[in-house]
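What follows is a short report on a single structure.
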Amino acid sequence: MRADVPLRVFLTGASSGLGEALARHYARCGATLGLVARRGEELDRVARSIAPATVSTYAVDVRDAGAMIAAARDFDAKHGVPDIVIANAGVSRGTLVEHAEDLEAFRAVFDTNVAGIVHTFHPFVGPMRAAGRGTLVGIASVAGFRGIPGSAAYSASKAAAIKLLESLRVELRASGVRVVTVCPGYVATPMTARNPYRMPFLMDADRAATSIARAIARGKRFHVLPWPMALVGGLLRMLPRPIFDLAFAKAPRKPRQK
């Protein structure tokens, strides 16, 4: 890519929280942005707030593969193949397998947090491979390291996202296309604002966006933030199952949405 051509970034979940912070960060860097979110009015608000950045907005649900393909083709036609695609859209809900009314919540979480990544990346893999460049970034979570009681759908979806991104990274290894897995801990967003428990190492969304953008620019394959959560996450993964079970048996749980 020539130095005089602005960075092109395609980003989902851009209407609030971490996605909005990432949009603001890249707008300050002079990037051309493709912003995707379900809520069109909020998406337009974000686009207006980062003027005069060049922005194309798409009021699209990442669960809709056809709509995501159409958005990707429109961005490509207007601005060219993105340099960075960030699959950030995600949902978190308290869930319990025993409750029939939670079955739809499980489906919605997996469709957004896992299939949504596939739908976001799919239209760009071919063009990026043909160009021999580009970066695909998936926002997973430290919650995907172990199964968190009361958040089975979220933990399982983020664990699936981590493995999906790992598979894709190896598949594209010789293509020139990089794949970055990002695992945030707690970030102060509307999603975490509903959590009724203490969130260690809670990170401001703007600081999180800066950390993620730096990791992408440095070519990292796997990035956990903030750094203390990387240590905690590593310990969590190493905990023997009996100790993990005992430690988390009475841990506070995310409320179910009834």
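We did not get these values from a lab; they are worked out from the coordinates using the rules stated. In this text, all values refer to a predicted model and were calculated from it rather than measured experimentally. Don't worry about glycine lacking a Cβ; one is built from the backbone with ideal geometry, like all the others, and counts go over all protein chains shown.
Quick notes on this structure:
- Neighbourhood charge, 10 Å Cβ-Cβ cut-off, centred on Leu172 and excluding it, Lys, Arg +1 and Asp, Glu -1: +3
- Annotation: the residues Leu136, Leu246, Leu239, sorted from fewest to most other C-beta atoms within 10 Å of their own C-beta, follow the order Leu246, Leu239, Leu136.
- Among the trypsin sites (Lys or Arg not before Pro) found in region 117-198, those both in a DSSP coil and sparsely packed, with 10 or fewer other Cβ atoms within 10 Å of their Cβ, are Arg198.
- Two-decimal Rg to Rh for region 142-227 - Kirkwood Rh, Cα set: 1.00
- From helices alone, the chain scores -14000 deg cm²/dmol at 222 nm; the rule is -39500 (n - 2.57) for each run of n ≥ 4 DSSP H residues, then divide by the residue total.
- Computing Cα extents along the principal axes in Å directly from the structure and comparing it against (i) 72, 46, 44; (ii) 66, 45, 33; (iii) 56, 38, 30 singles out (iii).
- Cα shape, region 1-149, gyration tensor, a/c 1.5 rule: prolate
- The angle between the Cα long axis of helix 152-171 and the main principal axis of the chain comes to about 40°, on a 0 to 90 degree scale.
- Neighbour-count ranking [beta-carbon atoms within 10 angstrom, fewest first] of Ile69, Ile50, Ile139: Ile69, Ile50, Ile139
- Under 15 Å, Cβ to Cβ, from Arg38 - net charge with Lys/Arg +1 and Asp/Glu -1: -4
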